[in-house]
Amino acid sequence: MSIGHNYTRELRQLDDRHNIHPFCDGKQLIERGSTIISRGEGCYVWDSDGNRLLDGMAGLWCVNVGYGRNELADVAAKQMRELPFYNMFFQSTTPPQISLAARLAEVTPDGLDHFFFANSGSEANDSIIRMVLHFWKVEGQPTKRHFIGRNLGYHGSTMAAVSIGGMKPMQDMHAAGHEILPGFHHIGEPHWYRHGGDQSPEDFAKSAAAELEDKIIELGAENVAGFIGEPIQGAGGVIEPPAGYWKEIERICRKHDVLMIVDEVICGFGRLGEWFGAQYYGVQPDVMTMAKGLSSGYLPISAVAFNSRINEALRSGGVLSHGYTYSGHPVACAVAEANIDIIENEGLVERTREETGPYFNEVIGQIAADHPLVGEKRGAGLLAGLQLMQDRGSKTFFEAGSTAAIQCRETALENGLIMRAVGTAMVLCPPLTITRGEIDELAEKTVMALDATA
Ligand code: PLP
């Protein structure tokens, strides 16, 4: 028997005995037991009891093309038969790796034509730190060693990624007191609803970006290697900067010769209705991180895009002493390229920009306008955050330890919808293949969950 209560009970026992869950409170897990997902098709997944769940999170902001894509399985099987793996570094590579790099150059913003492959978003960002430090050394500016990130920025779980990210609980895990590696600094997150006070969104955009310039001046521009940010901060609660913010960040980075590094792990591959979030905000990064939607999560793969200035320095700078056994894994590369073909052939970027994205925003925006528990809807395209409020009239936020969002998430799950609780906000990031009918279902179940929480 592969579905049902006994099967689930047995799996949970084994899980409890042997499996360490990432990002999970072990005690809560024992009380509640894992949700075990065993199958997926389109925008739905099924748990081991056979319950069908609408996946409002595309797995973990990943499955842009939806579940059950036989063509991706076929590409993987073909490549596995032909050449499952090869990497010797030095002067070798494989056809899928070359082909994916060339294909990425077609869809990434102009000027970002050179790619380094890794396996996860964390590794990609960690690679950026090492490669950018190397770049500045080759350029003859070895003092440029400091990086600036943002509060509530999420860039992954490796030591460097945690340090450049702004997730305090992650930084506090090893030792009390916000422990990070040296050389990493943070500015505030551009969340107007929470921090804007009396300022207009336009003025707040300028003052939030000015924090970057203040920090660069404090550290000395000759010491600052790069600024890193997500176009819209995902795991921080879908924090959408006000209009003008990114343009101002770009201006400041250029002025001080600080590299602008944009982490597109969530926003890339159509999520905001453009191929990349940088295009949505009309800015030109020097470096860009990609993962998740790159393969729609079908296989682990990530990439870093560099501009030609950095590429030339990397090429002329001697041995690049950096890389992973699975950098440019041929099966993952073949699947990623086929995934990009699906996004393009099915017009998923345009569909998100012109049809599903606007409808999703209208429907979720209406929930935010109507529901007394919600203070604000954030996000763009098929990415949304709903800020839960203790009292929206007086703009009183829930305390940080409030369980309201967790309660909302659990009720949604009982009603067949997967959404995520981030702090005191609910977040949604469905597959880009979602239909209007499925958006209606998602909205209806979101309201049910909010009603039960209020
Ligand atoms: N960057 C961003 C913006 C992310 O959202 C994530 C993961 O959620 C990462 C980096 C880390 O990616 P991974 O979990 O693949 O290491």
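The table that follows gives values for the structure above.
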{"quantity": "Share, in percent, of DSSP beta bridges within the chain that are antiparallel, nearest 5", "calculated": "65"}
{"quantity": "Alpha-carbon centroids, the range 393-454 and the range 16-78: separation in whole Å", "calculated": "18"}
{"quantity": "Dipole magnitude of the chain, debye to nearest 20 (Cβ charges: Lys/Arg +1, Asp/Glu -1, about Cα centre)", "calculated": "840"}
{"quantity": "Cα-based Rg / Dmax (Å) for the chain", "calculated": "21.8, 64"}
{"quantity": "Entries of Lys206/Lys255; Lys137/Lys247; Lys215/Lys255 with Cα pairs more than 23 Å apart", "calculated": "Lys137/Lys247"}
{"quantity": "Helical contribution to [θ] at 222 nm, DSSP H n ≥ 4, -39,500 (n - 2.57), averaged over the chain, rounded to 500", "calculated": "-12500 deg cm²/dmol"}
{"quantity": "Normalised convex hull volume, the range 347-454, alpha-carbon set, Å³ per residue", "calculated": "81"}
{"quantity": "Cut-off under 5 Å, modelled amide H: who pairs with His191 long-range", "calculated": "none"}
{"quantity": "Set Lys395/Lys445; Lys144/Lys377; Lys168/Lys395 screened for pairs whose C-alpha atoms are more than 28 Å apart", "calculated": "Lys144/Lys377"}
{"quantity": "Cut-off under 5 Å, modelled amide H: who pairs with Arg39 long-range", "calculated": "Trp46"}
{"quantity": "Space enclosed by the convex hull of the alpha-carbon atoms of the range 12-81, per residue, Å³", "calculated": "138"}
{"quantity": "Under 5 Å, built H, 5+ apart or other chain: amide partners of Ala425", "calculated": "Leu388"}
{"quantity": "DSSP bridge pairs, the range 226-294: antiparallel proportion in percent, nearest 5", "calculated": "10"}
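Values quoted throughout were computed directly from the atomic coordinates according to the rules given, and no laboratory measurement underlies them. None of these values were measured; they are calculated from a predicted model. Because the Cβ atoms are built from the backbone with ideal geometry, glycine has one as well, and the counts that use them run over all protein chains shown.
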